[in-house]
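First comes the structure, then the notes that go with it.
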Amino acid sequence: MKYNYPHPGFSSRLVSLFLAVFLLASCGTIAVHNTRGNAFRKTLAAMDWGTDTCYVYGHKTPDADAACSSLAYAQLMRSLGYNCVAKLSSPSNNETRYISGVFDFKLPAVKSSVAPGTRLIATDHEEYSQGVDGARQGRILQIIDHHMEDDMASADVAFIRRETVGATCTVVWELFQEAAVPVDDLTARILLAGLLSDTDNLAKSNTTRADSLAWQALTAQLNLSPERVAGIRKGMVDALTNYDGMSDYEIFVSDYKDYEMSGTAVGIGCVEWIDYAHMEPFLDRMLAVMPEVMARKGRERLFLMATRYAPSPDPASGKVVAEGTYILYCGEGARQMAELAAGQSLREGICYSGHRLGRKTDVVPLFTAFLGSR
Ligand SMILES: [Mn+2]
């Protein structure tokens, strides 16, 4: 498990190590867990909170993990006496709205920009290009994330917790334990919502033991059987893949992220399309809307990862299973990158991998390394 101290770097790690050894040696009876929890509380107490409200934001075009991790973390900060409020930088998606209804919690209000100097906590992202408008002129106090280190994570950020687990909500759940703040039932539902979404109910390859532990604790607290959780998750997937009434542009950007990779403006959207019988016409529609997305988002290279589903091998189950991932591409040089991730193009603009690819786990690390090595 990774634990990032306020100022990452070799020398500061050495200092931390000496500090830890000193603390352990001087108070040998204190359990490591408590030492860490106390360190967390002390770090918070030493932070320059100012007098105005500190806003907690997930990434733009928020999914359930982004919205729920910001909500729950703002709650943790308030429990500890800090004036924090969660906000959304853009409206939530269908899945998030659905689960907020089922689990009966109120989503944060949309506040699409912040004034210079605003104190911010970033959850589920650490790239300015995915942050709320104005974040660059704000002051990032904390980052709670499960992605790769990025440009928000400067030495000025007083607390960074980055763990390569399936959901940021898992990291937030752990921080409640470390701070010894009980998770109330409402917060438990909020955390479970983000966890179910980002790990696909522990089915995605990004799922770790930490996610399973959080899942067990939260479902036990809420008295939810595995069958009930599976039913709730199915409702979430149905909501996620229900594009009724949405334009092709809205579908394309419903789970979309901007990246600055070594100076190249890259955009990557993800879509799930369970109407597998009509996959080709859907891909054509998405290809057709890509120039518009590129122009409106100001991207040089644009990609869409479209998960392909097929009927389950057990037809009686009535289920569909993820088979693989198409990568649609647009922009000069985009073809080479898509083919690197998914193999030779099927036709102009489309590659297909027989494996289900993850944006965070597979494609972003590959693209970042590729553009960084030119
Ligand atoms: Mn996430």
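Observations, loosely collected:
- Alpha-carbon gyration tensor eigenvalues x 5, square-rooted, for segment 10-226, Å: 26, 23, 16
- q = 0.07 Å⁻¹: log10 I(q)/I(0) that the Debye formula gives for the chain, counting C-alpha atoms only: -0.32
- Listed peptides 84-92, 102-110 by packing density, highest first (mean Cβ within 10 Å): 84-92, 102-110
- Cα-Cα over 18 Å, subset of Lys257/Lys360; Lys319/Lys360; Lys87/Lys360; Lys234/Lys360; Lys234/Lys257; Lys87/Lys111: Lys319/Lys360; Lys87/Lys360; Lys234/Lys360; Lys234/Lys257
- Integer Hz, Karplus 6.51/-1.76/1.60 couplings in order for segment 342-359, x for Gly and Pro: 10, x, 3, 5, 6, 7, 4, x, 9, 10, 9, 10, x, 9, 6, 8, x, 4
- Normalised by 2.2 N^0.38 Å, with N the number of residues, the alpha-carbon radius of gyration of segment 248-372 equals 1.04.
- Sorted by Cβ neighbour density within 10 Å, fewest at the top, the residues Arg301, Arg233, Arg41: Arg41, Arg233, Arg301
- For segment 98-133 versus segment 146-216, the gap between their alpha-carbon centres in whole angstrom: 16 Å
- Cys330 long-range amide H proximity, modeled H, under 5 Å: Leu302
- Database remark: amide H of Val320 closer than 5 angstrom to the amide H of Ser312 (H placed geometrically; neighbours at sequence offset of 5 or more, or on other chains; Pro and chain starts carry no H).
- Share, in percent, of DSSP beta bridges within segment 10-226 that are antiparallel, nearest 5: 0 percent
- Between the Cα long axis of helix 226-240 and the first principal axis of the chain there is an angle of about 60°, rounded to the nearest 10.
- Relative exposure of Tyr256, Tyr55, judged by other C-beta atoms within 10 Å (fewest first): Tyr256, Tyr55
- Dividing the mean sequence gap of close Cα pairs (under 8 Å, 6+ apart) by how many residues segment 248-372 holds gives a relative contact order of 22 percent.
- In the chain, the DSSP-assigned H stretches of four residues or longer account for a calculated mean residue ellipticity at 222 nm of -13000 deg cm²/dmol, using -39500 (n - 2.57) per stretch and the full residue count as denominator.
- Amide proton proximity set for Val271, modelled H, under 5 Å, gap of 5+: Met305, Ala306, Thr307
- Across segment 202-267, the fraction of Cα-Cα pairs farther apart than 14 Å, rounded to a whole number, is 74%.
- On Cα atoms only, tilt of 185-199 relative to the major axis of the chain in degrees: 40 degrees
- About its Cα centre, segment 48-130 has a charge dipole of approximately 320 debye under the convention of +1 per Lys or Arg Cβ and -1 per Asp or Glu Cβ, with nothing else charged.
- Electrostatic dipole magnitude of the chain [Cβ: Lys, Arg +1; Asp, Glu -1; Cα centre; debye, to 20]: 820 debye
- Estimated inter-spin distance, Ser262 and Arg97, nm [label 7 Å along Cα→Cβ]: 4.1 nm
- Degrees separating the helix 32-45 axis from the principal Cα axis of the chain, which is the longest one: 90 degrees
- Relative packing of peptides 315-328, 198-211, 181-194 - highest average C-beta neighbours within 10 Å first: 181-194, 198-211, 315-328
- Taking θ as phi - 60° and the Karplus parameters 6.51, -1.76 and 1.60, the scalar couplings of segment 98-105 work out to 4, 6, 5, x, 5, 8, 6, 10 Hz in sequence order, x denoting glycine and proline.
Computed from the coordinates by the stated procedures, all read-outs in this text should not be read as laboratory data. Keep in mind that this is a model prediction, so the values were computed, not measured. Backbone-built Cβ (ideal geometry, glycine too); neighbour counts: all protein chains shown.
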